[in-house]
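The values are calculated or read from the model by the stated rules, or taken from the named source; none is laboratory data. Since this is a predicted model, take the numbers as computed values, not measurements. Reconstructed Cβ throughout: ideal geometry from the backbone, glycine too, with neighbour counts over all protein chains shown. These area figures cover heavy atoms from the full protein model, side chains too; ligands, DNA and RNA do not enter into them. Shrake-Rupley method; radii C 1.70, N 1.55, O 1.52, S 1.80 Å.
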Amino acid sequence: MWPYYKFEFYQFITNKKNIAIYVLLLFFSCYYALKIAPTYDPIEKVDESEIEARFLTREEFLNTVVINDGTHHFTRFAAAIFPEWNVYDKGRLDAIKQNDLKEYAEATNKWYGYSDKMIFTRGNGVLFYHPRYYTFGNNYATMDGHYAYLYSASRYKGYAEGNSKLSINVFEERTALQTLQRLLHSYLPFILIVSCIFFTVDIVLKDRRYPTLLQGLPLSDWKKLIVKGAVSLIGSIGALVPLSVGLLIIGIQSGFGDFNLPVPIYFSAEKTFSNILLGEYILQNMLIMIFWFLFMISLLLLASVTLKNEFANLLVGCAFVIGELTYFGRGNGIFWDVQWYPTSYVQVGQVLSGYRNYLYNSEALTIVNGLFVMGLCTGIFLFFTFLISNHRKFKLL
């Protein structure tokens, strides 16, 4: 079997399509690092002028307001909550001026916690989150701001309590490892899964070009399929190599960060956040990505032995990638058991961080359920592939 594995691996790495995919990934990685990453503009960032303007406005109000029997209740409300708010803003300003980043993290943690409590719980429609949450007709701006403020409070608490080297780039999540975290929370899983599909889509059907050579190999069709799946898995994991070049460039520009930085995880049952280490978060993402590779490879092996058409294989694979679009909607977790659909786990980073649970208003989209569902589906696909490949009428070529 080892000689056949070496043959398949050589065919894989010399396949012009596969080479083109790796080159495209390398190009995308470098383009992102040089052009897109430097323009990243987070809503929640370290902006001394913004903090100072907010502090001075409230301070002026507190110094001039007169409270009496005729004072409007909103004015009374503002006079009651602004003093504590300004204590935290003053602490943030002083910490910035003294370059005491630990103190800034501690004050900012308290600021976000207090701000969310005032806006979400007591705001009564007169207090709002950052204006950028309300752009483009966002009907869920308040919920997005609520999530972001709790996320930021938990993140800054982790900075204050941790031992990582802090910087403005760390606070704004611009370092290489934090960029990887943000990409795992957005479209990087799509890129990796689609790459796996393209690597696997022809790995069986390409043998039509070498029928005489391969028919003479002393291996069963099932063993050949297993070797092909293993080669495709190694090749899919190898897609991380060209992507890592971009992270290296970002690290040189903005720092690499470290694996002990905090990553807030949302728990929908308690409606709160708890931090895990960035290294742990990345490992969990990689684990479920490997399950996604196994899922896609087993699916496409089954499609290859039944449909025997590369374009059909491509359609089947892509259908699973975009399948969530047919039922996704905020709050749909109340009405749909979305945790039993493998397509619900495409956004790997969002599932692990709990953000997908927050969107669906569900508690069941967890890494455990995701691994169970994809592992079960992979087993089913491989079982049927085994039955078909061992049928006496089946011919691989």
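With K and R counted +1 and D and E -1, the other residues having a Cβ less than 15 Å from that of P3 yield a net charge of +3. Counting only Cβ charges, +1 for Lys and Arg and -1 for Asp and Glu, the dipole size of the chain around its Cα centre is about 1940 debye.
Between the helical axis of 221-237 and the dominant principal axis of the chain, each derived from Cα atoms, what acute angle in degrees is found, rounded to the nearest 10? Around 30 degrees separate the two axes.
Karplus-derived 3J(HN,Hα) values for the range 356-361, using 6.51 cos²θ - 1.76 cosθ + 1.60 with θ = phi - 60°, are 5, 4, 4, 5, 7, 6 Hz; glycine and proline are entered as x.
Positive contributions from Lys and Arg (+1) and negative ones from Asp and Glu (-1), summed over other residues with Cβ under 15 Å from the Cβ of L150, come out at +1. Pairs of Cα atoms in the chain fall into 20 Å distance bins, from 0 up to the last occupied one, in shares of 23, 47, 22, 7, 1 percent.
The length gained by stretching the chain between V368 and K165 to full extension, at 0.36 nm per residue less their Cα-Cα distance, is 69.8 nm. With the whole protein complex present, T71 retains an accessible surface near 20 Å², based on a 1.4 Å probe.
Solvent-accessible area per residue in the chain equals 49 Å², computed with a 1.4 angstrom probe and all protein chains kept. Each residue of the range 314-328 was assigned a 3J(HN,Hα) from its phi angle through the Karplus expression (A = 6.51, B = -1.76, C = 1.60, θ = phi - 60°), giving 4, 5, 4, x, 5, 4, 6, 5, 9, x, 5, 4, 6, 9, 5 Hz with x at Gly and Pro.
Size descriptors for the range 130-266: radius of gyration and Dmax over Cα atoms are 22.5, 68 Å. Would you work out which of L219, S254, A230 lies farthest towards the positive end of the dipole of the chain, given +1 charges on the beta-carbon of Lys and Arg and -1 on that of Asp and Glu, about the Cα centre? The residue sitting farthest along the positive end of the dipole is L219. The heavy atoms of D144 present about 30 square angstrom of accessible area, all protein chains included, probe 1.4 Å. Protection proxy ranking for 197-207, 115-125, using the average of other Cβ atoms within 10 Å per residue and placing the highest first: 197-207, 115-125.
Ordered from highest to lowest accessible area with the whole protein assembly present and a 1.4 Å probe, M286, M143 read as M143, M286. Proximity of backbone amide H atoms, modeled 1.01 Å from N, is registered between I265 and S274, N275, I276 at under 5 Å, excluding neighbours fewer than 5 places apart on the same chain.
Each semi-axis of the equivalent ellipsoid for the range 48-171 is √(5λ) with λ an eigenvalue of the Cα gyration tensor; in descending order they amount to 27, 20, 12 Å. Here the dipole of the range 48-171 is about 280 debye; that uses its Cα centre as origin and unit charges on the Cβ of Lys and Arg (positive) and Asp and Glu (negative).
Counted residue by residue at 0.36 nm each, then reduced by the alpha carbon distance between them, the extension gain from F384 to V241 reaches 48.2 nm.
Reported to the nearest whole Å, the Cα centre-to-centre distance from the range 315-367 to the range 126-159 is 22. Positive-end ranking of F311, A79, V338 along the dipole of the chain, with charges on Cβ about the Cα centre, is headed by F311. Ranking R330, R182 from most to least accessible surface, computed with a 1.4 Å probe over the protein chains only, gives R330, R182. Using a simple spin-label model with pseudo-atoms 7 Å out from Cα toward Cβ, Y40 and V65 lie 3.8 nm apart.
With a cut-off of 13 Å between beta carbons, the residues surrounding F55 carry a summed charge of -4, where Lys and Arg count +1 and Asp and Glu -1. Of the residues F9, F136, F295, F384, ranked by 1.4 Å probe accessible area with the largest first, the sequence reads F136, F384, F9, F295.
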